[in-house]
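Trainee: Here's a structure for you.
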Amino acid sequence: MAILVTGGAGYIGSHTCIELLNAGHEIIVVDNFYNSKPDVLKRIRKITQRDFISKEIDIQDKDELEKVFIDHSIEAVIHFAGLKAVGESVQNPLRYYETNVNGTLVLCNLMAKYDVKRMVFSSSATVYGNPDQVPITEDSPLRATNPYGWSKLMVEQILTDLAASDKEWSISSLRYFNPIGAHASGEIGEDPQGIPNNLMPFITQVAIGKMNQLKVFGGNYDTSDGTGVRDYIHVVDLAQGHLRALEKIQKISGFHAYNLGTGKGYSVLEIKEAFEEAAGMKIPYSIVERRPGDIAVCYADPAKAKEELNWEAAKGIKEMCADAWRWQRKSFKG
Ligand code: NAD
Ligand code: UDP
């Protein structure tokens, strides 16, 4: 029996594949390489010294995806495949709804048809919108402020209704906070196309000389130093959370959402300083206008994941910065 991993060549998916293989699972990776490279799969094999089946398939291609269910015995699905750039989702909402919502519907229909009713879904802290209070618990109000966020909320609603309609379904929706860092080998990490949208890849690209300086979006938020506060979590900790969720869905049924975060918030300037310490260099920066749609503070209450999944983040901000920097240096050289 294998775990089907959609989007397994991507940033979080690739790290999760390593943890799955190291734990002895069989996996099948499906990815259309829209935002990743096939070479990542070779690197996963190299790091783990394990082989696995991988297929270049778009999850919306029902016929090709169905072949995977026909040809293989699948016990559960970890569903990462999707689009994730907030700004792009505002420009091209239909594409986001097609991939994230319709892609999940195609997948769920096949899962139902082939009696595979266990899923771990990649959700996001974005489903809390601008939270009323922090730390954010799973029962906080859900809201969205852009098509990407709506697509995650819509999928959560679909999965909630699906699990309510048939008690055989067991679904964990993992609401990620801000994944950063990379595998300690430096072989895999986050590889954004073009100018990075996210803070850590931007900082590492300034450090390597690809970008001139960090633009800090807003210096007048109601936070300790005026810059935005987020809950950064090491991607390997996040990957391990998927294994705990996988264990959980073997035992219980229904739809359950979990925050995967550390419970601690860091400001933009604190992250910059932690990176400077890890890399032994200064990161030039300037404070510019707030980025539209950004919120001041966002961090998790991760107690439910600890209690019900027996999972908590172990790696601190130093390790996140050191690993992100190792990956950036190694990948820049090729
Ligand atoms: P990523 O872009 O690195 O990985 C997504 C993978 O899915 C890529 O390999 C991409 O090629 C693939 N993919 C995209 N569309 C596909 C399709 N139609 N068919 C098959 N494969 C397809 O992103 P990531 O950071 O690894 O994110 C994984 C999941 O986690 C996404 O669903 C994302 O929305 C969610 N998430 C990410 C973050 C984050 O900060 N990285 C935060 C919260 C939630
Ligand atoms: N940020 C920044 N400069 C950048 C990218 C991000 O100041 O080039 C800030 C952003 O305003 C937020 C934090 O860094 O306060 C994290 O942003 P990111 O895009 O990484 O994640 P988000 O929490 O928005 O999903």
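The values are calculated or read from the model by the stated rules, or taken from the named source; none is laboratory data. Not measured: the values here are computed from a predicted model. Glycine also receives a Cβ, built like all others from the backbone with ideal geometry; neighbour counts cover every protein chain displayed.
The rows are residues; the columns are (1) under 27 Å from Met154 (Cβ atoms); (2) among the aliphatic types (A, V, I, L, M); (3) not in a strand (DSSP E or B).
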| position | (1), (2), (3) |
| --- | --- |
| Asn220 | no, no, yes |
| His242 | yes, no, yes |
| Gly263 | no, no, yes |
| Glu276 | no, no, yes |
| Lys282 | no, no, yes |
| Ile287 | no, yes, no |
| Glu307 | no, no, yes |
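Trainee: Hey, another quick one. Out of (1) free of Cβ contacts under 8 Å to residues at least 24 places away in the same chain; (2) surrounded by fewer than 18 Cβ atoms within 10 Å (Cβ to Cβ); (3) not in a loop (DSSP other than H, G, I, E, B), the odd one out for Lys215 is which?
Mentor: Result: Lys215 passes all but (1).
Trainee: Need the failing condition index for Gly82 against (1) assigned to a helix (DSSP H, G or I); (2) within 16 Å of ligand 2 (Cβ to nearest atom), just the number.
Mentor: Here Gly82 clears every test but (1).
Trainee: Mind checking whether some residue in the range 97-111 is at pLDDT 95 or above, surrounded by 15 or more Cβ atoms within 10 Å (Cβ to Cβ), at negative phi and in a loop (DSSP other than H, G, I, E, B)?
Mentor: no
Trainee: Return the only residue of Lys272, Lys264 being more than 21 Å from Asn130 (Cα to Cα) and not aromatic (Phe, Trp, Tyr).
Mentor: Sole residue among the options that is more than 21 Å from Asn130 (Cα to Cα) and not aromatic (Phe, Trp, Tyr): Lys272.
Trainee: How many residues, within the range 91-131, are within 9 Å of ligand 1 (Cβ to nearest atom) and among the acidic types (Asp, Glu)?
Mentor: 1
Trainee: Across the range 212-238, which residue is nearest to ligand 2 (Cβ to nearest atom) among those that are closer than 17 Å to Tyr176 by Cα and not acidic (Asp, Glu)?
Mentor: Only one residue fits best here, namely Arg230.
Trainee: Return a yes/no flag: does the range 279-295 have any residue that is within 13 Å of Ile136 (Cβ to Cβ) and either touching a helix residue (DSSP H, G or I) at 6+ places or on another chain (Cβ under 9 Å) or surrounded by 14 or more Cβ atoms within 10 Å (Cβ to Cβ) (or both).
Mentor: Yes, the range 279-295 contains a residue that is within 13 Å of Ile136 (Cβ to Cβ) and either touching a helix residue (DSSP H, G or I) at 6+ places or on another chain (Cβ under 9 Å) or surrounded by 14 or more Cβ atoms within 10 Å (Cβ to Cβ) (or both).
Trainee: Which pairs turn up if I take residues in the range 165-184 that are part of a strand (DSSP E or B) and look for partners that are among the basic types (Lys, Arg) and away from ligand 2 (no atom under 12 Å from the Cβ) with beta carbon separation below 7 Å, at least 6 apart in sequence or on another chain?
Mentor: Ser170/Lys117; Ser170/Arg118; Ser172/Lys248
Trainee: Has the range 282-292 got any residue that is within 16 Å of ligand 1 (Cβ to nearest atom) and within 30 Å of Ala245 (Cβ to Cβ)?
Mentor: For the range 282-292, residues within 16 Å of ligand 1 (Cβ to nearest atom) and within 30 Å of Ala245 (Cβ to Cβ): absent.
Trainee: Quick check on my filter: what residues within the range 37-68 are out of contact with any strand residue (DSSP E or B) (no Cβ under 6 Å at 6 or more places or on another chain), within 26 Å of Glu98 (Cα to Cα) and among the polar types (S, T, N, Q)?
Mentor: Hit for the range 37-68 is Gln60, nothing else.
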